[in-house]
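The values are calculated or read from the model by the stated rules, or taken from the named source; none is laboratory data. Computed from a predicted structure; not experimentally measured. Cβ sites come from the backbone with ideal geometry, for glycine too, and all protein chains shown count toward neighbours.
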Amino acid sequence: IRSALKKGALAAKVCGAGGGGCVAFIVPPGKKQLIVDELDLQGGKVLPFQFVSRGQVTSHQKQ
């Protein structure tokens with residue numbers, strides 16, 4: 001976390017517990033690749049995602 005903040009991340013949030021947790025970062029668009037590279041050097045794995053404007057949707061089909 002410290003390395004990403006030094007490279008320009010604005011904030012970090014630790015999620016999960018134990019050995020399987022994640023850290024979410026808020027990063028300015030112009031700093032993204034720099035921080036991704038730093039996390040890679042530190043042994044981190046970046047999981048791509050995107051925000052969506054609507055919640056979960058379920059559907060049902062007759063069989």
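Things worth noting here:
- Restricted to the range 33-63, and to residues there that are in contact with a strand residue (DSSP E or B) (Cβ under 9 Å, 6 or more places away or on another chain) and touching a residue at least 24 places away in the same chain (Cβ under 8 Å), the residue that is surrounded by the fewest Cβ atoms within 10 Å (Cβ to Cβ) is LEU47.
- Selection count, the range 4-63, where residues are of a type outside the set (S, T, N, Q) and assigned to a loop (DSSP other than H, G, I, E, B): 23
- GLY30 surrounded by fewer than 10 Cβ atoms within 10 Å (Cβ to Cβ), modelled with pLDDT of 90 or more and out of contact with any strand residue (DSSP E or B) (no Cβ under 8 Å at 6 or more places or on another chain): yes
- Filter result (out of contact with any Phe, Trp or Tyr (no Cβ under 8 Å at 6 or more places or on another chain) and of a type in the set (Gly, Ala, Ser)) within the range 1-47: SER3, GLY8, GLY16, ALA17, GLY18, GLY19, GLY20, GLY21, ALA24, GLY30, GLY43, GLY44
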